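Participant: There's a structure below that I have some questions on.
The values are calculated or read from the model by the stated rules, or taken from the named source; none is laboratory data. Every value quoted in this text rests on a predicted model; they were computed, and no experiment measured them. Ideal geometry is used to build each Cβ from the backbone, glycine not excepted, and the neighbour counts take in all protein chains shown. Remember, those area values only see protein heavy atoms, side chains included, never the ligands or the DNA or RNA. Shrake-Rupley method; radii C 1.70, N 1.55, O 1.52, S 1.80 Å.
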Amino acid sequence: KITDEEKIEVITVSGIRGSLIKSQDVKMSADTVVDAITAEDIGKFPDQNVAESLQRITGVSIDRKGGEGQLITVRGMGPEFTSVLLNQRTLATTSGGRAFSFDILASELISGAEVHKTQSAHLQEGAIGATVNINTFKPFDIDGFKAVASVKAQYDDMTSDVKPQFSGLISNTFDDDKFGVLFSFSHSERKSRYDSANTAYYWHTDLTMDDGTYYDDVYFPQNYDQVAQTEERTRTGGTAVFQYKASDDLTLTADVLYSKYDVDYRQDILAHWF
């Protein structure tokens, strides 16, 4: 019989500090040069976009599109030189090349990401810049039953529109934690606008002014355009994970990822042709 004096007090660290501790543990226990970003809790990744969270890591910079982080560059090597994995498996890309667009993944579905700056035998080959492994939530990583929901709204001052963002996760384990099931879902919408002005192409000619002054090798812009571009983005994603602990040394995991990202844009151009 355990008396009150023999009971062990357990202190659980959560929040941002807990997230930093978990990231530090990954770095300290790795045999290679690894940096990591972890969520402080379910559905609480540091940023709205996985790429924007990765830029917190030393040596990682990002390219933006439509105001959101999209591609990453590690130590000066472009997106084509970085391999991106999901739970240690290769992900398909939408770029037509090897560059992976991180904006197709909702941050609410991600539990963490590791940036391996040096290669190891346990990693898939092919990366010159870095290998990025994105981890999703699994039922065995969460004790017992857990249900989380989040509802947000995003206001864009340029369009004066408010768009919804909502996500949810439910997870449970059964049969003395031998079998686990997890489902997660995320949906977000955004309408944004940005304005720009540009010129394209230059004419090369000789020029005689009205007063007779002559200039040779003159370059002047052929056009001047003022552009207002409006974008509507809809991102929908979800995961389903099933785990079975066959023995103390064998755990079987089956998971499915669904992601759909639609971007519609319209350009209104006031063109001046010279």
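Participant: Could you list, in sequence order, the residues of segment 58-85 that are under 16 Å from residue 45 (Cβ atoms) and open to solvent by less than 10 Å² (accessible area, probe 1.4 Å)?
Facilitator: Selection gives 69, 72.
Participant: Against the definition (over 19 Å from residue 102 (Cα atoms), open to solvent by 90 Å² or more (accessible area, probe 1.4 Å) and not hydroxyl-bearing (Ser, Thr, Tyr)), how does residue 225 come out, yes or no?
Facilitator: No, not satisfied.
Participant: Looking at this structure, is residue 96 open to solvent by 40 Å² or more (accessible area, probe 1.4 Å) and within 14 Å of the chain's Cα centre (by Cα)?
Facilitator: no
Participant: Of 251, 208, 213, which residue is open to solvent by 80 Å² or more (accessible area, probe 1.4 Å), polar (S, T, N, Q) and over 30 Å from residue 94 (Cβ atoms)?
Facilitator: Matching residue, one of 251, 208, 213: 208.
Participant: Taking strands (runs of 3 or more DSSP E) that do not extend beyond segment 129-178, which have at least 3 residues that are over 21 Å from the mean Cα position of the chain (by Cα)?
Facilitator: Result: 161-174.
Participant: Something else now. Among the residues in segment 163-178, are any open to solvent by 40 Å² or more (accessible area, probe 1.4 Å), under 21 Å from residue 237 (Cβ atoms) and of a type in the set (D, E, K, R)?
Facilitator: Checked against the condition, which is being open to solvent by 40 Å² or more (accessible area, probe 1.4 Å), under 21 Å from residue 237 (Cβ atoms) and of a type in the set (D, E, K, R), segment 163-178 yields at least one hit.
Participant: Return only the number of the condition from (1) in contact with a strand residue (DSSP E or B) (Cβ under 8 Å, 6 or more places away or on another chain); (2) closer than 27 Å to residue 196 by Cβ; (3) among the charged types (D, E, K, R) that residue 80 does not satisfy.
Facilitator: Looking at each condition in turn, residue 80 falls short on (1).
Participant: Still on this model: Do we find that residue 114 is within 14 Å of the chain's Cα centre (by Cα) and assigned to a strand (DSSP E or B) in this structure?
Facilitator: Numbers: within 14 Å of the chain's Cα centre (by Cα): yes; assigned to a strand (DSSP E or B): yes.
Yes; evaluated as a whole, the condition is true for this residue.
Participant: State which residue pairs qualify: first residue under 17 Å from residue 138 (Cα atoms) and inside segment 229-252, second residue buried (at least 19 other Cβ atoms within 10 Å of the Cβ) and among the basic types (Lys, Arg) in any location, beta carbons under 8 Å apart, and separation of 6 or more residues or different chains.
Facilitator: Sorted first by the residue in segment 229-252, then by its partner, the pairs are 241/138; 243/138.
Participant: From the list 134, 104, 128, which one is among the β-branched types (Val, Ile, Thr) and in contact with a Ser or Thr (Cβ under 6 Å, 6 or more places away or on another chain)?
Facilitator: Residue meeting the stated conditions: 104.
Participant: Looking at this structure, is residue 257 closer than 30 Å to residue 162 by Cα, among the hydrophobic types (A, V, I, L, M, F, W, C) and under 35 Å from the mean Cα position of the chain (by Cα)?
Facilitator: Working: closer than 30 Å to residue 162 by Cα: yes; among the hydrophobic types (A, V, I, L, M, F, W, C): yes; under 35 Å from the mean Cα position of the chain (by Cα): yes.
Spelling it out, residue 257 is indeed closer than 30 Å to residue 162 by Cα, among the hydrophobic types (A, V, I, L, M, F, W, C) and under 35 Å from the mean Cα position of the chain (by Cα).
Participant: Based on this model, can you work out whether residue 200 counts as closer than 30 Å to residue 80 by Cα, surrounded by fewer than 15 Cβ atoms within 10 Å (Cβ to Cβ) and without any contact (Cβ under 8 Å) to a residue 24 or more places away in the chain?
Facilitator: On the way: closer than 30 Å to residue 80 by Cα: yes; surrounded by fewer than 15 Cβ atoms within 10 Å (Cβ to Cβ): yes; without any contact (Cβ under 8 Å) to a residue 24 or more places away in the chain: no.
No: the conditions fail for residue 200.
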